[in-house]
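To start, the structure itself, in structure tokens.
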Amino acid sequence: MATLLRSKLSNVATSVSNKSQAKMSGMFARMGFQAATDEEAVGFAHCDDLDMEHRQGLQMDILKSEGSEEGGEPPLEGDIHYQRDGTGPLPPSASKEACSELSGQGKPKITAWEAGWNVTNAIQGMFVLGLPYAILHGGYLGLFLIIFAAVVCCYTGKILIACLYEENEDGEIVRVRDSYVDIANACCAPRFPTLGGRIVNVAQIIELVMTCILYVVVSGNLMYNSFPNLPVSQKSWSIIATAVLLPCAFLKNLKAVSKFSLLCTLAHFVINILVIAYCLSRARDWAWDKVKFYIDVKKFPISIGIIVFSYTSQIFLPSLEGNMQNPKEFHCMMNWTHIAACILKGLFALVAYLTWADETKEVITDNLPSTIRAVVNIFLVAKALLSYPLPFFAAVEVLERSLFQDGNRAFFPNCYGGDGRLKSWGLTLRCALVVFTLLMAIYVPHFALLMGLTGSLTGAGLCFLLPSLFHLKLLWRKLLWHHVFFDVAIFVIGGICSVSGFIHSLEGLIEAFRTNAED
């Protein structure tokens with residue numbers, strides 16, 4: 001009797017401990033999610049999904065322990081621990097619905113203002129520094145495109161969230177999907193149930209890795225232009241930046257890095273204000289006659305990719321909407337965040353271009369006088385280096401989960417040992433990814449070209465093409481005629497812009513690659 005009582009008390013203690021762990025994990029998830037306050041919120045949103053899976057695993061501990069109380073059967077070893085490193089997968093008998101229901105009870109929620117803060121910083125990060133360069137090649141049409149991209153991305157964000165919901169037998173609208181990948185898989189089912197998810201994952205990995213490359217490129221570019229008298233080339237500065245970033249390969253979590261994210265973003269807003277203030281001080285010299293309605297046919301498609309890339313946020317919106325206290329406020333939140341982004345981006349791009357006109361450079365801070373350029377650029381380099389781990393870690397997680405930890409479908413053996421430690425060859429692959437970003441930055445050190453290519457390829461796909469296509473596929477029977485018209489128009493226009501921008505950006509990159517190879 002004493003043994004049975006001791007066993008029950010132990011199980012109850014385990015249940016309480018696991019519940020408190022689940023709450024603490026939820027607290028950290030909320031802290032980490034809200035701290036992801038720049039353009040790589042897409043990466044951190046993925047980390048939030050991973051943390052949700054971790055919390056589901058902790059809730060499965062509760063199910064198992066409570067089951068042992070009722071049935072008296074102790075849980076099998078290895079079945080009650082689910083770790084992010086994949087050393088203990090969820091038991092196959094576990095119901096996905098039960099996990100989702102339990103994890104949703106202790107899941108931290110955020111307000112519409114907090115959600116708007118995440119979206120605002122996702123679409124107004126440091127890559128807005130390339131927008132004046134887009135006005136250089138597009139004139140007033142470039143300004144129109146900034147407005148048009150804001151309207152379209154706001155609309156596609158809303159219809160993407162609509163794809164998460166379906167009407168049940170009682171006529172109620174319920175959430176039946178949790179992520180962009182779930183939507184993609186639902187569109188390809190039943191013939192190819194995992195094809196859509198793989199396409200989205202590939203696009204996400206490309207965007208995350210390209211973001212890492214852009215950080216290395218912009219770090220080398222800013223340091224070289226800040227200290228032109230030093231005998232250090234831009235390539236050498238990129239190598240130095242990568243040496244600083246190499247410890248990212250040893251990252252286990254982003255708690256330490258995320259603490260600096262908010263400060264970096266606030267610093268970036270201050271830098272934007274400083275740039276605008278300097279431009280306003282030269283308002284008498286603004287070159288209004290330089291802003292025309294003509295476009296540079298060869299370079300304007302690259303500008304399209306730059307503008308689209310600055311608005312990318314769709315990949316993390318499902319996770320964000322699922323974490324809101326009142327999901328009904330999502331549409332209103334999307335409206336005011338994109339209106340604010342449109343106004344700020346348009347003003348920043350126009351004012352900066354009017355100040356420097358035809359001398360506008362790929363990164364606008366390079367146009368600042370040498371007296372303040374070095375200080376501003378050093379802050380930007382610090383922000384870039386501290387932001388690099390976010391997309392890098394998210395890309396690593398996606399690669400490890402899909403290639404090394406996907407159960408029987410994994411292409412390679414698990415890169416983690418039985419004790420949860422990363423194996424030496426797994427660490428080598430992480431280091432190789434860091435080195436790959438360096439090599440790309442060295443051979444193609446062109447910020448605008450890389451940004452245009454990424455925006456045309458993955459940005460247009462994830463923000464324009466796929467949301468409109470998924471909306472038509474999943475909800476076409478319930479759509480009004482104007483929704484169908486908008487979806488088809490966005491798909492066609494987005495496809496044309498994507499192909500055009502990709503071809504011109506790729507041509508520019510190939511030419512730049514050949515030039516650097518000859519040098």
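Checking the structure you have, find out if any residue of the range 437-449 is of a type outside the set (S, T, N, Q), under 30 Å from Ala243 (Cα atoms) and surrounded by fewer than 18 Cβ atoms within 10 Å (Cβ to Cβ). It would help to see each step written out before you state the result.
From the range 437-449, those of a type outside the set (S, T, N, Q) are 438-449; that's our starting set.
Still in the list and also under 30 Å from Ala243 (Cα atoms): 438-449.
Checking the rest, the ones that are also surrounded by fewer than 18 Cβ atoms within 10 Å (Cβ to Cβ) come to 439, 443.
The answer is yes, given that some residue of the range 437-449 is of a type outside the set (S, T, N, Q), under 30 Å from Ala243 (Cα atoms) and surrounded by fewer than 18 Cβ atoms within 10 Å (Cβ to Cβ).
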Could you say whether any residue in the range 340-347 is more than 26 Å from Ile213 (Cα to Cα) and without any contact (Cβ under 8 Å) to a residue 60 or more places away in the chain?
yes
Hey, can you tell me all the residues within the range 168-218 that are under 30 Å from Ile240 (Cα atoms) and in contact with a Gly (Cβ under 6 Å, 6 or more places away or on another chain)?
Ala203, Leu208
Quick check, is Ser303 polar (S, T, N, Q), closer than 16 Å to Ala349 by Cα and out of contact with any Ser or Thr (no Cβ under 6 Å at 6 or more places or on another chain)?
yes
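Here are some residues: Ile240, Ile161, Ile213, Ile173. Which one is modelled with pLDDT of 90 or more and either at positive phi or out of contact with any helix residue (DSSP H, G or I) (no Cβ under 7 Å at 6 or more places or on another chain) (or both)?
Numbers: Ile161 fails: either at positive phi or out of contact with any helix residue (DSSP H, G or I) (no Cβ under 7 Å at 6 or more places or on another chain) (or both); Ile213 fails: either at positive phi or out of contact with any helix residue (DSSP H, G or I) (no Cβ under 7 Å at 6 or more places or on another chain) (or both); Ile173 fails: modelled with pLDDT of 90 or more.
Going through Ile240, Ile161, Ile213, Ile173 in turn, just one is modelled with pLDDT of 90 or more and either at positive phi or out of contact with any helix residue (DSSP H, G or I) (no Cβ under 7 Å at 6 or more places or on another chain) (or both): Ile240.
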Residues Ser370, Ser387: which one is modelled with pLDDT of 80 or more, open to solvent by 70 Å² or more (accessible area, probe 1.4 Å) and among the hydroxyl-bearing types (Ser, Thr, Tyr)?
Ser370
Check Gly130, Gly116 and return the single one that is in contact with an Asp or Glu (Cβ under 7 Å, 6 or more places away or on another chain), open to solvent by less than 40 Å² (accessible area, probe 1.4 Å) and in contact (Cβ under 8 Å) with a residue 24 or more places away in the chain.
Gly130
Search the range 156-178 for residues that are under 23 Å from Leu320 (Cβ atoms) and pair each with any residue that is open to solvent by less than 10 Å² (accessible area, probe 1.4 Å) and not in a helix (DSSP H, G or I) when their beta-carbon atoms are under 9 Å apart and the residues are at least 6 apart or on different chains.
Gly157/Ser313; Arg175/Leu164; Val176/Leu164; Arg177/Cys163; Arg177/Leu164; Asp178/Leu164
Hey, which of the helices (runs of 4 or more DSSP H) in the range 176-285, taking only ones fully inside, have at least 1 residues that are farther than 28 Å from Phe436 by Cα and in contact with a strand residue (DSSP E or B) (Cβ under 7 Å, 6 or more places away or on another chain)?
none
Set Gly130, Gly139: member being at pLDDT 85 or above, at positive phi and in a helix (DSSP H, G or I)
Gly139
Residue within the range 466-487 that is open to solvent by 20 Å² or more (accessible area, probe 1.4 Å), out of contact with any Phe, Trp or Tyr (no Cβ under 9 Å at 6 or more places or on another chain) and under 26 Å from Ile302 (Cβ atoms) present:
no
What are the pairs with Cβ atoms under 6 angstrom where one residue, in the range 467-482, is closer than 20 Å to Ser179 by Cα and touching a residue at least 40 places away in the same chain (Cβ under 8 Å) and the other, located anywhere, is charged (D, E, K, R) and part of a helix (DSSP H, G or I)? Sequence gap at least six, or different chains.
Ser468/Asp487; His471/Asp487
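The values are calculated or read from the model by the stated rules, or taken from the named source; none is laboratory data. Note that this is a predicted model, so its numbers are computed, not measured. Every residue, glycine as well, gets a Cβ built from its backbone with ideal geometry; the counts of neighbours run over all protein chains shown. Keep in mind that these areas ignore ligands, DNA and RNA; they rest on the heavy atoms of the full protein, side chains included. Shrake-Rupley method; radii C 1.70, N 1.55, O 1.52, S 1.80 Å.
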